[in-house]
């Protein structure tokens, strides 16, 4: 529970309807308890918390989309001010600009050997984006000519396949024979 302020902050940031913030926070805590075994201790815990919470809140927002959004967002600022001092979640989240600080040298070596279009899709997925979101981002970036989700799936498959050939299960370079 040392990162519950981080979870609450993410819920505030990404919840569509302010009335759902508390419900989303409780749901997120239950979700972490239920899926704690999916956490890989070799990775930064705050990155995992951010990705899992953001995905869950997005799913909950979709589920509650039929409700009308609240007009008064002033209370969100009040909720944010009640948090204890803690780093902003975006500082600890992997993105296309800062992914190098989250991986070891062998993994970075392997990522540098991927074609940029494969690396982009793979890193977006590792940052917590869903396939549909990756499709939109790569389309906007100009690396995807048409909005085709199958192309994104293919790029992800090829990136992972190439990484498996370059790295061991522990993320170390494979020794060539």
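Remarks
- Residue tally, condition modelled with pLDDT of 75 or more and exposed (fewer than 13 other Cβ atoms within 10 Å of the Cβ), over the stretch 51-75: 2
- Cross-chain or 6+ apart pairs with Cβ under 6 Å, the stretch 35-55 first and closer than 17 Å to residue 129 by Cα, then assigned to a loop (DSSP other than H, G, I, E, B) and modelled with pLDDT under 85: 47/93; 47/94; 48/39; 49/3; 50/93; 51/128; 54/128
- Residue satisfying all of: in the stretch 119-163; within 28 Å of residue 46 (Cα to Cα) and in a loop (DSSP other than H, G, I, E, B); modelled with the highest pLDDT among these: 130
The values are calculated or read from the model by the stated rules, or taken from the named source; none is laboratory data. The structure displayed is predicted, hence computed values, not measured ones. With ideal geometry, Cβ positions are generated from the backbone for all residues, glycine too; neighbour counts draw on all protein chains shown.
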